[in-house]
Each structure stands twice: as structure tokens, then as C-alpha cells.
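The values are calculated or read from the model by the stated rules, or taken from the named source; none is laboratory data. This structure is a prediction, so every number in the text was calculated from the model and none was measured. Because the Cβ atoms are built from the backbone with ideal geometry, glycine has one as well, and the counts that use them run over all protein chains shown. Only protein heavy atoms, including side chains, enter the accessible area calculation; ligands, DNA and RNA are left aside. Shrake-Rupley method; radii C 1.70, N 1.55, O 1.52, S 1.80 Å.
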Amino acid sequence: MLLCPPESLPAGPAVAVADLQSLIQRREAAVSTPKDTSSLPAHPGLAAAFPTGLRAGVVYSLTGSTSMAMAMLAGPSRNGSWCGVVGLPDLGVEAAVDWQVRLDRLILVPAPPPLRWITAVAALVEIADVVVAAPPSRLSDGDAARLMARLRTRGATLVVTGPWKRAAAVVRATTTGWDGLGQGHGCLVRQHLRLDITERHLQRSVSLTLPGDR
Amino acid sequence: MRFPVRVLMVWCPGWPIRTAQLAQGQPVDEPLALVSKGIVVACSESALSEGVTIGLRVRQAQHRCPDLTVLPHDPDQEARVFEPVLRAIEDRVPGVHLLQPGLAAVRASGASRFYGGEQIAVDVLLEHVHAQGVADARISVADGLFAAEQAAYTALPGESVIVPVGESARFLAGLSIDVFEAGVDAAFFSGRMPGLLRKLGIRDLGALAALPRAQVHNRFGVTGLRAHQLASGEDVPTLVARAVPRELIARTVFEPSCDQVENVIALCSKEIEQLVGTLVDSALVCNEIRCRVHADSGAMQERVWRHPWQFTAADLLDRIRWQLQDLAIQGLDKLDHRGWSDDECLSDGVTLVEVTPESVDAAAHHAEGLWGDRPDEHVVRTVTQLQHQLGYDGVLTCTVGGGRLLNERRILRPWGDALPDARERRTEQPWPGSLPGPAPAAVFTQARVIEVLAEAGEPVTVGSRDALSGTPTWLCLSGTHRSRITAWAGPWPVRQRWWRTAKQQQLSRFQLIDEQTQAWLVLTDGSQWWAEARYD
């Protein structure tokens, strides 16, 4: 006895494959999306630049400003997340405190050997919600893909202070001016910063004044 | 009248100096002084011959003997090093009473009964103490602690003095009043009494004992009464045996010596686990240890490790490993040495590894939450693992400290080391010359040499009274490329440790902004310029 009408037989395999594919897609989406859509809180000072917060599970490529790296660290850090900094031996700790980064939950790896960069970042991604890292001297595509997969499952954000091939957003910071310093008098009071953010092929520019309303 | 106890006193002369020489690896014949609160409290023979005396101010001692090495007086370390000697005495005669490091007493009656005579007991003890590696020990037997102490001071090197029973008062009668100021109780007798007695013409203890006690008591109070009692040969009737501390030491002896780091760790692990087990069983926590490594050549390396939380066995083994690795790479070129390899080899075999808990406290005092906030087990494990791979100082934690230079204000500590507490950080103290405005985001670990030039291209110098030779116009960060300075301010003086180095620390700070709108914090000592930090 036949289980299904004979006329549906030729269509059977094709339908089954399509079903399976859609099932696989749904499963994959289920694995990756819950973290993908979530976001990490941004520091109130960056509300203009990141109105919905930092996207979790992606890589940001940031150039031009160490302050911005600290500001991106500060949002999750002041909410009690662990944070990591890799390969920035010159990080100003006092500036981090000004940004309300919690130093007791900050782990520094000042100078990892080039071959251990991926080890250090991967280990910190396991525990930290935001990791700021100087770009590695070289990184294989395979390692980069594995790292990004790990970021997605962990829901952590990596901020690379340099170029990154598959960055979710590229943030270019340009200092447009300083307040307070004259010719032989005064002192630095405020920094004016322009952020050019390229995200999903859309570019937007935001002007910031630091320190703003913290 | 109270009958003083018959005392057998062991004296190791110059114990503080000997300990310091041993710990610092100093040759015996080099002048050395130990100071406490700016006053010399002990000095070596060679320093003594140069005119350094106890009680001198450091400045004056250095003036008399310019080659003098000055070290802080560390009674804890002396007591620690004296511990083996106490154990050696206890091997032969039980119930040791510790007067001070270098001076210990036992009751003589039992020992003389057991060994069949005081002289034999003294010889046995002397031989045993010498066998423990104490070069110079002297023993005396007398009635009472004070008499025995004074008798020991009169003994010749490696010999003993026995004051017969009942003869102590006569022995003491011949001693000068000065002994009150030199002995263990010097602090008690340090008032005006000895000087006054000398002025009264009473120069030895016999003359003091001959005075009526009630009048001495009236004139000098309790100090005088005590001095009179001691001079008359009256002393304590019993000795207090020291409480033997519970053995909390993990000691591993290597026979023959071992030169593979991994082997040493593997062999130590059993002892360490026992130690941690003992601590847990006695409901104690330990967050500071002292790890001592003895090498084949006789060298000793000692290091104290502090931990923000209590140590586990794995933490302890890690610290032994790092200490051994430090030893292993001490002689080698360590610039390119990062991380560790399994086959690390020591140039010098290790003969003994000893781990002593330094601060032990009841676990109940450190219930969860009170003892800092220990981070998640997961975090600790992950970061410790990373530290395994990158080396001890590869993973850091940080905090802000006090200081004038920005690099000094940044305190970095390896993960697993306790950060300094608020008092040690000294952030709340006033630091004249601290910077206004936002803190720079990048503080260079090593200040970079730069050049600041005036309009015509000649270097800008800062003269006396902070006068500039020209307006800073060009900034040369490296090589020949120069960029124009668009705004600047300074000089802001940074005056620190002006009493120590005349010229070098007279620094001035400037803030500069260059054409690329980069803001810099630069330092100058008048002619040379450095970039201290960058605002970006």
C-alpha cells in the first residue's frame, strides 16, 4: 500500500530538501540570533553615536582615539561587566577612571607575543563583555572566523583599534579641536571629536564634546 | 627574698647583623648598619672600627664611614632566622624562653641533672648548636636571667661561663652601671637613672646594691627598685617556655639536587597539598606566603607572594614555578623571553623548597563577601590559565596611585597579586603640580624623546626661574618630520625629590597641540624633551 498519492512522488525529494534547508536555517538562526540582536549598554556620553547601544557579538573597528576605546569599554564596565584590554601598554588608567571604568573588573594584557594574540583575546572573550585590542600583526582568516563565531555565541563585543576585515561597524574618530589652550596660557579643557561611523553600508557622522555630561 | 631560677643562656653575638648579612648576601667584613627610625641599632665589626656606634643618627654614621651600607632593622626576619637555633636548643633541653632574637634561655637544673653536671650540659648544647651551622654561640649559667645574660656577654667566642650557685650577686657586683643600658631591658632602663647614678658616684652594681632599697625606690621609682633587685641578685623564679607554633611549613628537600623546573614542581606538589589540607582542616585561610629556594651553590632566594584571596594548592605551585623561572632566566638574556616552556632548566640545582604561610587567619573572619569580593570561579580560572600561557607578568590588573609623574600614578600588578590598599596608594594626599583638565588617554610607559624647536629651528630651553629661550613653534616627534605647534601652555614645574638629585628631577611640563590637532603632554629638564602622554 502506498503512503502518499503517486502524483506527489516526483516532487517528494525536492520538497524534503527544501524543508531540511529551511529547518537548518531556522536552527542556525536560533543559535546565533538571540545574542546577535541583543546589545550592550553604551556610556551616556556616547548616546548620540550609539543610540541603541553597542551590538553584542560583533567586531568594531575603531581608529583615531584611545578615549573612544575607553568610552566604549565604559558602558558595560559601569554596569558590572568584566572587560579586557589587549596590546595597549600605554593605556591611561586615570582616564579610564574618568570614564567610570571599574578597574577592579578590568584585565590588561599589555604586550602579548604576536603568536599569542588570539589566545589572549579568546580567553578574555570568555569572561569579558567588551574586549579592546590592538590589531594583531597577522591573523589567519580561519582564526578570525573562529574568534568571531566565539564572539557571537558569547555575546561579547570586540573593539579593534585598527583595521579589521569583517567589522560590523567602522568607527573613525577625528579630533576637530581643543578648548582651553592658548598661546602660552590656559590648559586643555575639552576635546571636540567627530565620529564617522560606517555601519551596514550606511555612514553617519556624530560630533561629540569630551568630557561631556558624564 | 625570692630565689632566682638557675638559667642556662645561649647567646649568638651580633645576631641582627649576621641575619642581615645572610639575607642580603653581604660579605662579613663590609661595614653594615641596621637602622630603625633614623637611629643605628646594630652595626658590624668593621663599621664599629670606623667609629660607627649604636644610637648614632644615620647621617652621622654615614659621615663617619662613607662606605657604610645602611639597611632597615627587621626584627621579624631575625626572629624567623633564629627559629632553627631555638629548635636546635629544644632538641637537647626543652622549654626554651626567648628573650630576643639571638638570646635564648633554658632552665639549667633539669639539664644538669639529665646530663650529669652543668659543664657537660653546656658542652653538649654548645656542640649541638654549632652543628646547626651557627658560627659563634656562647653559653653561660647563672642564677637569674639578668645575671646569666651579663655572664654570657663576658664569655669568649665559642666558650662558656658558669657562675657557681649563689655567686651571682658577687659576679654582678663587679659590673659597671652601663650594663643597664646595653642589655635586653635597655628600653626599660633608658630613662635618667643610669646617668644620675654615675653622677652620684655609683659606678658599679655592687655600690648600687649597697644602698638602702627603700631610698633607691623613693628616688628612682619602679625603675630604681628593679635595678636594685637585679643588682642584689634577685630575679624571676620561673621561665616562660615559648609557645611552639603549629608546624605550617611545606618543606621539600631534594636529594640529589634537581635542576628541572617541572620536576621540582611535581615533587613539591605533595607537600603543598598537605599544607593546604592542614590549613583547611584547621579552618584557616592564608593569603600571603613566603617561598624560599635553596640552591646547590648555597645561594638562597626568598620571596613573599601576596594574593587577594586565599591560596589554593594550584596557586601555590604556580608561585613556586614563577620563582624558579625567575631563577632560571636570571643569568640568561631575558629580553625575548616571554611565556614559559616545559623543559626549562636551572643552571643551579635546587636542594630545598620551603613554603611558609606568612599571614594566617581564621577562616570565619573571611566569610564570603567580607574578604574582598572574590571574583567568579570561572573568571579566576580563565585568567589564571591565560597567565599560565603568557607568564606571570603577562596579565595585569591596575589601579590609580599617588605621584607626580603620570606613569607613577598608574599602578600595575600581575593578576593574582594583591593591589595596594588605599593608604599605600596615597591618592588622597596633595600632589602639587598635578594636572588640571581631563586625564590623557595614552600614558607612555617609557617617555619618548622628542624635540621642541623655536621659529628659527633652534631648540627651546627652559632656564632658571622657568624662562623660555623662545616660543615653542615646531614639534619633532621622530626623525626630520616636524609639525607646527598651534597652541601651547607651560612651563608647569614638577618639583619632586629635589633633595635627592640636584638637576635631573627639576622637570617642567608643557601641553602642546600640533597641526594634526593632536594634544601632547611633554616634559623637559631644561634642554632635553620627552613626550609623557598623549590626549587622543
- Would you please list the contacts, defined by Cβ atoms under 6 Å and residues six or more apart or on different chains, that run from a residue in the range B:274-293 that is without any contact (Cβ under 8 Å) to a residue 12 or more places away in the chain to a residue that is part of a strand (DSSP E or B) and of a type in the set (Ser, Thr, Tyr)? none
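Would you check which residues across the range A:47-73 are within 12 Å of chain B (Cβ to nearest Cβ) and within 19 Å of A:Ala156 (Cα to Cα) and list them?
Taking the range A:47-73 first, the residues within 12 Å of chain B (Cβ to nearest Cβ) are A:62-71, A:73.
Within the range A:47-73, A:Leu62, A:Met68, A:Ala69, A:Met70, A:Ala71, A:Leu73 meet the criteria.
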- Taking the stated definitions as given, is B:Thr480 buried (at least 18 other Cβ atoms within 10 Å of the Cβ) and more than 13 Å from chain A (Cβ to nearest Cβ)? no
- Kindly provide the set of residues from the range B:264-288 that are open to solvent by 80 Å² or more (accessible area, probe 1.4 Å) and modelled with pLDDT of 85 or more, ordered by number. B:Leu267, B:Lys270, B:Glu273, B:Gln274
- Is the range B:367-383 home to any residue that is touching a Cys at 6+ places or on another chain (Cβ under 7 Å), assigned by TED's automatic domain parsing to the domain that holds B:Pro256, at pLDDT below 85 and surrounded by 16 or more Cβ atoms within 10 Å (Cβ to Cβ)? no
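Has the range B:449-459 got any residue that is farther than 30 Å from A:Ala120 by Cα, within 14 Å of chain A (Cβ to nearest Cβ), open to solvent by 80 Å² or more (accessible area, probe 1.4 Å) and without any contact (Cβ under 8 Å) to a residue 60 or more places away in the chain?
Of the residues in the range B:449-459, the ones farther than 30 Å from A:Ala120 by Cα are B:449-459.
The next check asks that each one be within 14 Å of chain A (Cβ to nearest Cβ); those that pass are B:452, B:454-455.
Subset that is open to solvent by 80 Å² or more (accessible area, probe 1.4 Å): B:455.
Of the ones still in play, those that are also without any contact (Cβ under 8 Å) to a residue 60 or more places away in the chain are B:455.
Yes; the residues of the range B:449-459 include at least one that is farther than 30 Å from A:Ala120 by Cα, within 14 Å of chain A (Cβ to nearest Cβ), open to solvent by 80 Å² or more (accessible area, probe 1.4 Å) and without any contact (Cβ under 8 Å) to a residue 60 or more places away in the chain.
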- Query: Within the range B:265-283, is even one residue part of a helix (DSSP H, G or I), of a type in the set (Asp, Glu) and within 14 Å of B:Ile320 (Cα to Cα)?
  - Reply: yes
- Being under 29 Å from the mean Cα position of the chain (by Cα), loosely packed, with under 15 Cβ neighbours inside 10 Å, closer than 27 Å to B:Leu145 by Cβ and modelled with pLDDT under 85, is that true of even one residue in the range B:228-237? no
- For the range B:158-173, indicate whether the set of residues that are closer than 20 Å to B:Pro13 by Cα and of a type in the set (Ser, Thr, Tyr) is non-empty. yes
- Query: Do we find that A:Leu195 is modelled with pLDDT under 90, under 15 Å from A:Phe50 (Cβ atoms), open to solvent by less than 40 Å² (accessible area, probe 1.4 Å) and not aromatic (Phe, Trp, Tyr) in this structure?
  - Reply: no
- Message: Among the listed residues B:Pro66, B:Pro101, B:Pro75, identify the single one that is within 21 Å of the chain's Cα centre (by Cα) and more than 26 Å from B:Ala231 (Cα to Cα).
- Response: B:Pro75
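Residue check: is B:Glu118 on the phi < 0 side of the Ramachandran plot, assigned by TED's automatic domain parsing to the domain that holds B:Ile89 and touching a Ser or Thr at 6+ places or on another chain (Cβ under 7 Å)?
Working: on the phi < 0 side of the Ramachandran plot: yes; assigned by TED's automatic domain parsing to the domain that holds B:Ile89: yes; touching a Ser or Thr at 6+ places or on another chain (Cβ under 7 Å): yes.
Taking the combined requirement at face value, the residue satisfies it.
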- Message: Among the numbered criteria (1) part of a strand (DSSP E or B); (2) of a type outside the set (Lys, Arg); (3) open to solvent by less than 20 Å² (accessible area, probe 1.4 Å), which one does B:Leu316 miss?
- Response: (1)
- Task: Examine the range B:121-139 for a residue that is touching a strand residue (DSSP E or B) at 6+ places or on another chain (Cβ under 7 Å), part of a strand (DSSP E or B) and within 12 Å of B:Met9 (Cα to Cα), and state whether such a residue exists.
- Result: yes
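Can you list the strands (runs of 3 or more DSSP E) lying wholly within the range A:96-161 that have 3 or more residues being away from chain B (no Cβ under 14 Å) and surrounded by fewer than 24 Cβ atoms within 10 Å (Cβ to Cβ)? First the steps, then the outcome.
Values: elements: A:106-109, A:130-133, A:157-160.
Result: empty, no element qualifies.
Which of the residues spanning the range A:78-92 are within 17 Å of B:Val383 (Cα to Cα) and either away from every other protein chain (no Cβ under 11 Å) or surrounded by fewer than 24 Cβ atoms within 10 Å (Cβ to Cβ) (or both)?
Answer for the range A:78-92, where residues must be within 17 Å of B:Val383 (Cα to Cα) and either away from every other protein chain (no Cβ under 11 Å) or surrounded by fewer than 24 Cβ atoms within 10 Å (Cβ to Cβ) (or both): A:Ser81, A:Cys83, A:Gly87.
Give me the residue from the range B:144-196 that is in a loop (DSSP other than H, G, I, E, B), hydrophobic (A, V, I, L, M, F, W, C) and touching a residue at least 60 places away in the same chain (Cβ under 8 Å) and, out of that set, most open to solvent (accessible area, probe 1.4 Å).
Pass one, the range B:144-196, residues in a loop (DSSP other than H, G, I, E, B): B:144, B:155-159, B:163-167, B:174-175, B:177-178, B:183-192.
Among the residues that remain, those that are also hydrophobic (A, V, I, L, M, F, W, C) are: B:155-156, B:163, B:165, B:175, B:177, B:184, B:186-189.
Those left that are additionally touching a residue at least 60 places away in the same chain (Cβ under 8 Å): B:155, B:165, B:184.
Details: B:Ala155: 6, B:Val165: 110, B:Val184: 41 Å².
Applying the filter and picking the extreme gives B:Val165.
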- Item | For B:Gly158: the one exception among (1) in the same structural domain as B:Asp123 (by TED's automatic domain parsing); (2) over 22 Å from B:Asp143 (Cα atoms) | (2)
- Message: Please count how many residues of the range B:401-437 are over 17 Å from B:His307 (Cα atoms), in contact (Cβ under 8 Å) with a residue 60 or more places away in the chain and part of a loop (DSSP other than H, G, I, E, B).
- Response: 5
- Note on the structure: For the range A:181-199 the number of residues that are more than 7 Å from chain B (Cβ to nearest Cβ) and without any contact (Cβ under 8 Å) to a residue 24 or more places away in the chain is 3
- Message: Contact list please: Cβ distance under 9 Å, first residue in the range B:297-308 and outside the structural domain of B:Trp322 (by TED's automatic domain parsing) and hydroxyl-bearing (Ser, Thr, Tyr), second residue in a strand (DSSP E or B) and surrounded by fewer than 16 Cβ atoms within 10 Å (Cβ to Cβ), pairs at least six apart or on different chains.
- Response: none
- Message: So, in the range B:462-476, exactly how many residues are in contact (Cβ under 8 Å) with a residue 60 or more places away in the chain and crowded, with 17+ Cβ neighbours inside 10 Å?
- Response: 1
- Task: Search the range B:377-400 for residues being at the interface with another protein chain (Cβ under 7 Å from one of its Cβ atoms), aliphatic (A, V, I, L, M) and assigned to a helix (DSSP H, G or I), and hand back the single one that is farthest from A:Cys83 (Cα to Cα).
- Result: B:Leu390
- Message: Yes or no: the range A:163-182 includes at least one residue that is open to solvent by 40 Å² or more (accessible area, probe 1.4 Å), touching a Gly at 6+ places or on another chain (Cβ under 7 Å) and among the charged types (D, E, K, R).
- Response: yes
